[in-house]
1. Are any residues in region 127-146 more than 12 Å from residue 107 (Cα to Cα) and either outside the structural domain of residue 94 (by TED's automatic domain parsing) or among the small types (Gly, Ala, Ser) (or both), and if so, which ones?
2. Hey, does region 117-126 have a residue that's part of a loop (DSSP other than H, G, I, E, B), in contact (Cβ under 8 Å) with a residue 40 or more places away in the chain, hydroxyl-bearing (Ser, Thr, Tyr) and not assigned by TED's automatic domain parsing to the domain that holds residue 18?
3. When residue 86 is evaluated against the numbered criteria (1) at pLDDT 95 or above; (2) assigned to a loop (DSSP other than H, G, I, E, B), which criterion, by number, is the only one it fails?
4. Residue check: is residue 80 under 11 Å from the mean Cα position of the chain (by Cα), outside the structural domain of residue 33 (by TED's automatic domain parsing) and among the small types (Gly, Ala, Ser)?
5. If a residue must be part of a loop (DSSP other than H, G, I, E, B), surrounded by 14 or more Cβ atoms within 10 Å (Cβ to Cβ) and of a type outside the set (Lys, Arg), how many such residues does region 127-142 contain?
6. Which numbered condition trips up residue 97, out of (1) farther than 17 Å from residue 139 by Cβ; (2) not in a strand (DSSP E or B)?
Amino acid sequence: MNLKEIKEILNLMNENELSELEIEREGAKIKIKKAGGDTPAHVLAPRPLEYQVQAASAPQVSEKASLPLGASTKTVNITSPMVGTFYRAPAPEAPPFVESGQIVEVGQVVCIVEAMKLMNEIKSEIRGKIVDIPVANAEPVEFGQPLFVVESV
């Protein structure tokens, strides 16, 4: 993302009176939040806006609980980068992007999270086997909520 794109995003935030925005594009995630966004509406003098940009955290990695001796299999949660609605397929009548038991590659689209009428493709950040899909299709999801459990291979 270049400076021009960031300025355009900030202008859109101001025009639409948004206090917070999170974007994921091509593996990069940014979160923009206005500082001091509680200004009363009746104030006439404009004040400069301050923005905070936070980097997103890496996927959660945990040791699998029921491992045989000597095994080193790890599971990774693919989590929701935003609040929205989870969709397993690109369209209602289309097949799901991935199924339980399927091997996924880095960068492969695994689902869509709809937020504010925008369809955001969620991509795998790890190569592995889908072992669990804890969210039902068309279900609301929260930021950081696990969408898939992937066993690294």
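1. Filtering region 127-146 down to residues more than 12 Å from residue 107 (Cα to Cα) leaves 129-146.
Hits for region 127-146 are 136, 138, 144.
2. Looking only at region 117-126, we keep the residues that are part of a loop (DSSP other than H, G, I, E, B), and these are 117, 124-126.
Subset that is in contact (Cβ under 8 Å) with a residue 40 or more places away in the chain: 124-126.
Those still in the list that are hydroxyl-bearing (Ser, Thr, Tyr) too: 124.
So of that shortlist, the ones also not assigned by TED's automatic domain parsing to the domain that holds residue 18 come out as 124.
Yes.
3. It is condition (2) that residue 86 fails.
4. Details: under 11 Å from the mean Cα position of the chain (by Cα): yes; outside the structural domain of residue 33 (by TED's automatic domain parsing): yes; among the small types (Gly, Ala, Ser): yes.
Yes; evaluated as a whole, the condition is true for this residue.
5. Within region 127-142, the subset part of a loop (DSSP other than H, G, I, E, B) is 127, 133-138, 142.
Imposing the further condition that a residue be surrounded by 14 or more Cβ atoms within 10 Å (Cβ to Cβ) reduces the set to 127, 133, 135.
Now restrict to residues that are of a type outside the set (Lys, Arg): 133, 135.
Adding up the residues that qualify gives 2.
6. Every condition holds for residue 97 apart from (1).
The values are calculated or read from the model by the stated rules, or taken from the named source; none is laboratory data. Model, not experiment: these values are computed from the prediction. Cβ coordinates were reconstructed from backbone atoms using ideal geometry, including for glycine residues, and neighbour counts include every protein chain displayed.
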